[in-house]
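Each remark here refers to the structure printed beneath this line.
No value in this document is a laboratory result; all are computed from the given coordinates. Keep in mind the model is a prediction, meaning the values are calculated, not measured. Glycine gets a Cβ as well: all are built from the backbone with ideal geometry, and neighbour counts include every protein chain shown.
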Amino acid sequence: MSGPRHADRPSHTEGSPLDPDMLEVAPGTLHETVQGWVPQLATEEELRIALEKAFDYRGDVTLTLKDNSKIEGYIFDRVTGSSLSTSFVRLIPKDTNEKRKISYANIAAVVFTGRDTAAGKSWEAWVRKYWEKKSSGGGVLSLEPESLE
């Protein structure tokens, strides 16, 4: 005599609390588009939120400093301290490899001016392109990254 089959277990019956179709409730990822955004920076919290989004952004931003000078470039690092004067971003200006460190306290405005280099690029788009090329008789797509131009 043998024991119960795996398929006869209560977890594999219809309407079971472990029904995989009922377990698929994970929310998707919302990708916010900030390209072209000019956030209002009336409060310290709004400045911190805008600079956090600028750090996550994959394009250039333009910072207007309190002395009215402007710097356009890519924010590659940030440190958030207890105050604006102890918090800063690190930026590579658009036309140079020089790295600049700018205190949050010196920033008057943030504008998301550059093109988001990863906008519209998703796993689903890559898979669709892969199958289109494969079904047309073309070779398999390279796993190398595509040019950003």
Cross-link partners among lysines for Lys66, C-alpha distance below 30 Å, same-chain residues fewer than 8 apart left out? Lys53, Lys94, Lys99, Lys101
Modelling each spin label as a point 7 Å along the Cα-to-Cβ direction, I'd like the Ser83/Ala105 distance in nm, to one decimal. 0.6 nm
Report the FRET efficiency, 1/(1 + (r/R0)^6), for Thr96 and Glu45, where r is their Cβ-Cβ distance and R0 is 30 Å, rounded to 0.05. 0.40
To make sure I understand the rule: partners must be lysines, Cα under 26 Å from the Cα of Lys134, and not fewer than 8 residues away in the same chain. Which ones qualify? Lys121
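Can you sort Tyr74, Tyr57, Tyr130 so the residue with the fewest Cβ neighbours within 10 Å comes first? The partial results should precede the final answer.
Values: Tyr74 18, Tyr57 21, Tyr130 13.
With the sparsest Cβ surroundings first, the list reads Tyr130, Tyr74, Tyr57.
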Largest-first principal axis extents of the Cα set of segment 66-115 (Å): 31, 21, 19
